[in-house]
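Bear in mind these aren't lab numbers, they're just calculated from the coordinates by the rules spelled out. Owing to the predicted nature of the structure, the values given are computational and were not obtained by experimental measurement.
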Amino acid sequence: MLPVLYSDAPQNHLCSMCPKPGHCCHEFMLSSDNHNGSFWEEEWPQLAQQRLGERNLPFVPLRLRELTLDKESGKRFGVGVFTCPKLTSAGRCSIYEDRPSTCRDFQAASSPLCCFIKPALVKEAAKPHERE
């Protein structure tokens with residue numbers, strides 16, 4: 001953690017001084033107004049790839065996490081985890097000027113994906129059921 005940079009730098013400049021460029025573009029989850037990010041195990045990764053194509057997103061499905069058994073159907077579902085193949089070897093975006101709106105809308109320090117997020121926020125994000 002770099003608390004001095006976090007507290008002193010404007011949010012939109014954090015990415016340019018990131019100590020782990022591209023960290024936020026590995027192993028992330030996606031959701032939208034129409035989809036909560038979960039998939040049936042037997043539909044993964046084909047349905048995920050189809051939805052990415054419909055939204056013109058370059059991401060690659062990696063795996064499902066938090067697999068849960070649906071007692072009614074007997075099928076398992078989980079949250080999709082993705083990565084971006086558009087990173088350079090230095091961890092920078094190779095399509096930065098034309099990056100998807102999903103990437104443009106990401107706010108540095110708004111998610112545990114960001115290296116600059118405060119440790120307390122990571123703890124809260126990881127355990128939402130313990131919040132009051």
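The table below gives the values:
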quantity: Residue-by-residue Karplus 3J(HN,Hα) for region 86-98, coefficients 6.51, -1.76, 1.60, Hz, glycine and proline x; calculated: 8, 7, 7, 5, 8, x, 9, 6, 7, 10, 3, 5, 10
quantity: Amide hydrogen neighbours beyond the local backbone of Leu87, cut-off 5 Å, H modeled; calculated: Ser94
quantity: Coordinate range along principal axes, alpha carbons of region 20-125, Å, largest first; calculated: 44, 34, 26
quantity: Extension gain from Asp105 to Leu69, taking 0.36 nm per residue of separation minus the Cα-Cα distance; calculated: 9.7 nm
